[in-house]
């Protein structure tokens with residue numbers, strides 16, 4: 001999905017994130033500056049359905065104006081020669097790695 005908030009806001013004459021932030025706050029949607037930046041920049045980490053309702057109410061738009069499907073980015077079905085990994089744990093073993101780059105103790 002492509003997030004299209006800026007265009008939806010521009011179509012309604014809202015050109016600044018601060019202006020949209022003020023309108024959202026007036027409707028009861030309290031949002032941090034960091035989350036507002038993510039919404040405005042086009043890369044929100046997550047969004048609640050309640051927040052989508054408020055955004056749609058403020059902008060006077062529908063969900064289709066905010067979210068644009070991108071089916072071409074969805075990978076196709078696995079080809080015949082490629083193994084399919086089941087979610088049951090029957091797939092290849094996963095070796096845990098530390099985040100700090102150090103090796104794990106021997107087993």
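Quick notes
- Counting only residues that are in contact (Cβ under 8 Å) with a residue 24 or more places away in the chain and either in a helix (DSSP H, G or I) or touching a strand residue (DSSP E or B) at 6+ places or on another chain (Cβ under 6 Å) (or both), segment 45-78 holds 9 of them.
- Residues of segment 1-20 that are assigned to a loop (DSSP other than H, G, I, E, B) and touching a residue at least 40 places away in the same chain (Cβ under 8 Å): 1, 4, 11, 12, 14.
- Residues satisfying the stated conditions in segment 21-44, i.e. surrounded by 11 or more Cβ atoms within 10 Å (Cβ to Cβ), farther than 13 Å from residue 3 by Cβ and touching a residue at least 24 places away in the same chain (Cβ under 8 Å): 23, 24, 27, 29
- Residue match in segment 66-83 (condition: surrounded by 10 or more Cβ atoms within 10 Å (Cβ to Cβ), at pLDDT 75 or above and either over 30 Å from residue 12 (Cβ atoms) or touching a helix residue (DSSP H, G or I) at 6+ places or on another chain (Cβ under 8 Å) (or both)): yes
The values are calculated or read from the model by the stated rules, or taken from the named source; none is laboratory data. Remember, predicted model here, so these are calculated numbers, not experimental data. Note: ideal-geometry Cβ built from the backbone for every residue, glycine included; neighbour counts use all protein chains shown.
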